[in-house]
Amino acid sequence: MCGWGSNGWMGNGWGGLVMYSVLAAVLVAVVVVVAFAIRNLVRSGSQHKGASSPVATGPEDTLAHRFARGEIDDDEYRRRIAILREHREHV
């Protein structure tokens, strides 16, 4: 007779102990995998901004980083740098 009987695979002997141990190990593994997945998703979401935009020390650095990431093209970069430098000379 298979199933939950005393002589079955989930019986009271070593087979039952092994089966419950394997089940517990699988459940722990699933919880760990889910926890790491959530942690990495949260971390990658919060680091996405930090990783793609290094610490800028000024507006020219910010423009340089935006240009390097492809957010602005060469013409836009040169135009804005010229405006910043012109403004800096007048201040």
Original post:
Under the condition of being open to solvent by 70 Å² or more (accessible area, probe 1.4 Å) and β-branched (Val, Ile, Thr), which residue from region 33-66 is modelled with the lowest pLDDT?
Top reply: Val55
Subject >> region 2-32 - residue that is of a type in the set (S, T, N, Q) and more than 35 Å from the chain's Cα centre (by Cα) and, of those, modelled with the highest pLDDT >> reply: Asn12
Original post:
How do the pairs read when you match residues in region 17-29 that are surrounded by 10 or more Cβ atoms within 10 Å (Cβ to Cβ) with residues anywhere that are not basic (Lys, Arg), using Cβ under 8 Å and keeping only pairs 6 or more apart or on different chains?
Top reply: Met19/Trp9; Met19/Met10
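The values are calculated or read from the model by the stated rules, or taken from the named source; none is laboratory data. As the structure is a prediction and not an experimental result, all values here were calculated from the model. Cβ sites come from the backbone with ideal geometry, for glycine too, and all protein chains shown count toward neighbours. Each accessible area value is taken on the protein alone, full model and side chains, heavy atoms only, with ligands, DNA and RNA left out. Shrake-Rupley method; radii C 1.70, N 1.55, O 1.52, S 1.80 Å.
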